[in-house]
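None of the figures in this text is laboratory data; all of them are computed from the coordinates on show. Just so it is clear, the model here is predicted, and its values are computed rather than measured. No Cβ is skipped: glycine too gets one built from the backbone with ideal geometry, and neighbour counts run over all protein chains shown.
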Amino acid sequence: MSGERSGERFRDVLRGTIDGKTVVARRGATVLETAESVGIRIPTLCHREGLPPDGNCRLCVVETKGKLVISCMFPVREDGFAILTQSPGVREARRFVLSLMLNRAPKAPAILKLAGEYGAGADPRFSRDPDNCVRCGRCVRACRANRTEAIALVGRGFERSVSGPFEKPPPDCVGCLSCAFVCPTGNILYSERDGKRRIWDKEFRLVPCPECGTPVFTEEQIRFLGEKASGLCPECGRRRLASALRNAEPLSGGSRGF
Amino acid sequence: MRFEGPAAVAARREELARKDPDVRTLRVCGGPGCLASGSRELLAALKEAAVASGLDPAKRRISFTGCLGLCERGPLLELDPEGHFLRGVAPSDAAEVVGTALGEGKLVPRLSPNPESPEKESLEFYGPQKRLIMRRFGKIDPESFDDYLATGGYEALVISLFESGPAETLRRVAESGLRGRGGGGFPAGLKWKAMTGAKGTPRYVLANGDEGDPGAFMNRSLMEGDPLAVVEGLTIGAFALGAERGIIYVRNEYPLSVARLEKAIAGARARGLLGENILGTDFSFDLSVTEGGGAFVCGESTALMASIEGREGTPRVKYVRSTEAGLWDKPTVLQNVETWANVPLIAANGPEWFKGIGAKGNPGTKVFSLAGETRNTGLVELPLGTKVGVLVNVVGGGVRKGRRFKAIQSGGPSGGCLPESALELPLDFDHLTEAGAMMGSGGIIVMDDLSCPVDVARYFTGFLAEESCGKCVPCREALPVLREVLSDLTRGSGRKGDTDFLEKQAGLLKETALCGLGQSAANPVLSTIRHFREEYLEHESGYCRSGRCRGLYVPVIDPGACRACGSCQKVCPAGAVGGKKKEKRTVAAGKCVGCGACLKACAFFAIRAERKEHVG
Amino acid sequence: MPKTNPGAPEAVDLTGLRGLLESRPPEARELLPLLRDIQTRYRHLPEEAVRGLSEYLGLPLARVYAVSRFYKSLSRVPKGERLVKVCLGTACHLRGAPALLEALEGKLGLALGETGKDGRFTLESVNCVGACALAPVVMLDDEVHGKLNDESLADLPL
């Protein structure tokens, strides 16, 4: 919520350090933004530009005042802030959450890469039925950001999983693929064949552009977008879609399953 | 019915006080324990008996009252004004109780635990107690508005509205040092002050009655025993904080709490003590009750608010305080119902009075539910800072059946287990936290030498894994891991190094989980390892000295201590105990199924849980 | 890929659903209270009723469904006429609730969480009913039975 709050429109400039380096930050900016602005990379997973932050994966932890906080949501609020992004405690915490995620998604390239960086490994004693989903909810947040809100994280605890209502093909899904684009483990599969797209066990007819014939939108999507989509050529449409999804480029070959 | 000003309240209170001094009331405990022991049936039988004996119902009254505390001996009764305390009263006693006690004001000696001195305060269970939050339990019918008014109810609101004003009311609460009764002990004054600086309307005051800890029922007893105290506390808070709406969030398993609170709210509204222009002032405030849906995590503040807003009860990252952006993103003060019930006391009597009770930095009293292996169990209110030993050995009367004290578990799933040295510890927020436990909402479970700390950790971790909302990785993924290792240890399939592994994982869980409940979910594991590491290591090698974990020990009868009573033989379901009448008994290790019944049955402590390898 | 599970629609008489929904204003805050009302009326949450609720409140079906699956008091399958709840609170755990649960499972022929085929009983657990002094306890609907052991268990009206 913090990023959205209007009370933080202050223009104040704060000075502090990240990993010992002197840094200037805007009051209320997140630690992650601030670090990125000076080229310090903090690993993230559930975070994604353009989607509201959720803070559930805990991977982007950093240390301040001897405590761990998550950089994607923790706001810089005072002069003299001092943040460590690679302290032993931080690295150990990241190793911990990565090991836990590996129990769920032992083969996801994005997670394996980070696990290698932090020396994390799956424990065969605890990994059972890995389904390649780490429950980060990026798909759900993307769907909500599009105002379709067709899927949700359902159930609680270890059993929580992404699903349409009643574990059935989600009636509100318009086949826009936002969920698949933002999935960090490439777990949301879709296919396109013969002018049709399949995702979430639902089939959509693709509408070809009258100009060049490229199928981009589904019928449902056009109906959902209404006026906004009409009269656009596919390339414009693609651009329009891209801006609607804000930075929705495919990740780690997200379009498997053709 | 509406009170248009303070004078009308005072007049009505006087009128109630002037009523016939000849009235006598039999108060039947309606606390959760006594209800379970049949106090509802008892109440009906007493009323029937009263009708049969032709007593004047205006002068000889019978009603339910709040929890009298000594749940184990229920159903309990108290006779007003005599103060006679009766226990274990059955419907078959109704005629005698009505005739002798209600009719004539005399004691029924066989139903009194102490006929020499028939008030309950003479019992060791009540001796060290200071009943402030529970002061009306036993004195009023919780459904009677007049009873509340007659016992000083709404004096505090009148003082706040017409003498103190908002600033002084806030000062009183802040300077009293009152700390949140729901768990962490956060100073109420800091929250209140933070809210006054926050912008935005409407502003909310919320009461947390979502008591989800297994082994805790003090919030329930308060909501059912003195609901108007919570309502008045919230009203005073709203006045000081400029809030116009309040919500009491109640656990879904507490339908009676909901009914009592709703009745209390309706009663206050009808009298102009809630709603528009309270007592003729320009202060307006209204209150409603929301029921939970059955989720432990909704006790967490942000999850509770999400639940009220019609969303899943998942916590959110709290880098912005609820006092700035709480319910519907508006300024909100959320406190436990017991914290709110302290507010009228402080608003009326001032901070100095409050600080005179309890310990330095921990003023006031706290209600505890005492359960487990003490002789007396039930609901207890003690000044903060009272030694744990007083609770266990005086109030609780020591461990049952003469067994040895092993540990207390304090604070439920967020708390921890403390060993014998804890008996010297003052019961307050800081000392418990320092020792690796937590006040939590005030559940205290006493464990004897037959209770196993590893089993207790497994129990709580299993509970927490089940109740985890599943939002953040550490809580969702690590709790099942901890549970699995703990289950292995208690089943004899533990591995060398499991204790260190658990300690490490739990430590990381505590540091990385998203919400307070997730962070404290590590406490049961961390505290038991901290204080009972030796027993953990024994479990790694397949031994449970407490005789609790099946298959991890063999009972061995010490011939020197055995009195040949045969009680172990009687309870053994497997026929594993051998020996004839008047002979000392022995256990055939091969036949033993490891149920532990003999260990519990032996009154002479002659049976030990031995390592299997040590038994021939 | 998360699985979906197209199931057959259930046959539940939903006359009166409209009135039940309209007993509360169509606001997001009424979501949980209305789900509870539906649960009380039908002993579970029929799919059609959840759909109707989503329409009535103007909230996305996925959100309404997720909320309906979050809370323990809400159930997808019909519950039995009588609820048998074994308290698994701390005091009850220490005083033998696990063995009591096992015995009840045997007696009813149901595992924890199950409803019998005849629809008479559902066996559930509860975390604490505030009757710790009488541990271990079992609730039959709203009635608490305490200090249970093998003998008194046999006397339970089941």
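What to note about this one:
- Of all DSSP beta bridges confined to the range A:12-126, the antiparallel ones make up roughly 80%.
- Each of the trypsin sites (Lys or Arg not before Pro) that DSSP puts in a loop and that has at most 11 other Cβ atoms within 10 Å breaks chain C; the longest unbroken stretch is C:4-116.
- Whole-Å distance, taken between Cα centres, linking the range A:84-114 and the range B:196-238: 41 Å
- Calculated FRET efficiency for the pair residue A:159/residue A:203, C-beta based, R₀ 25 Å, to 0.05: 0.30
- Spacing of the two label points (7 Å from each Cα toward its C-beta) at residue C:41 and residue C:23, in nm: 0.8 nm
- Flagged links, alpha-carbon separation over 18 Å, of B:318/B:360; B:139/B:387; C:85/C:147: B:318/B:360; B:139/B:387
- Estimated FRET transfer efficiency (residue B:52, residue B:18; beta-carbon r; R0 35 Å; 0.05): 0.65
- Among the GluC sites (Glu not before Pro) found in the range B:524-594, those both in a DSSP coil and sparsely packed, with 15 or fewer other Cβ atoms within 10 Å of their Cβ, are B:583.
- Virtual spin-label span in nm between residue B:434 and residue B:146, 7 Å along Cα→Cβ: 5.1 nm
- Here the simple spin-label model places points 7 Å from the Cα toward Cβ, and for residue C:153 and residue C:81 these points are separated by 2.5 nm.
- For chain B: relative contact order, % (alpha-carbon pairs under 8 angstrom, 6 or more apart): 11 percent
- Considering only the range C:28-155, percent of DSSP beta bridges that pair antiparallel, nearest 5: 55 percent
- Helix axis angle, B:227-241 relative to chain B longest principal axis, alpha carbon, degrees: 60 degrees
- In plain terms, the residue of B:160, B:122 with the fewest other Cβ atoms within 10 Å comes first and the most crowded comes last, giving B:122, B:160.
- Cβ-Cβ FRET estimate between residue A:82 and residue B:534, R0 fixed at 45 Å, reported to 0.05: 0.65
- Normalised by the number of residues in the range B:130-267, the mean separation of alpha-carbon contacts (under 8 Å, six or more apart) gives a relative contact order of 30 percent.
- Contact order normalised by residue count of the range A:12-126, Cα under 8 Å, 6+ apart, percent: 25 percent
- Cut-off under 5 Å, modelled amide H: who pairs with residue B:381 long-range: B:130, B:368
- Helix B:453-467 axis versus longest C-alpha principal axis of chain B: approximately 50°, rounded to the nearest ten.
- Value of [θ]222 nm, deg cm²/dmol, for chain C, DSSP H segments ≥ 4, -39500 (n - 2.57) each, nearest 500: -10500 deg cm²/dmol
- The range B:90-116 versus the range B:449-528: alpha-carbon centroid distance in Å: 50 Å
- Centre separation in Å (Cα based) which lies between the range B:1-23 and the range C:98-119: 55 Å
- Looking at the protein assembly as shown, the DSSP beta bridges with both ends there are about 65 percent antiparallel.
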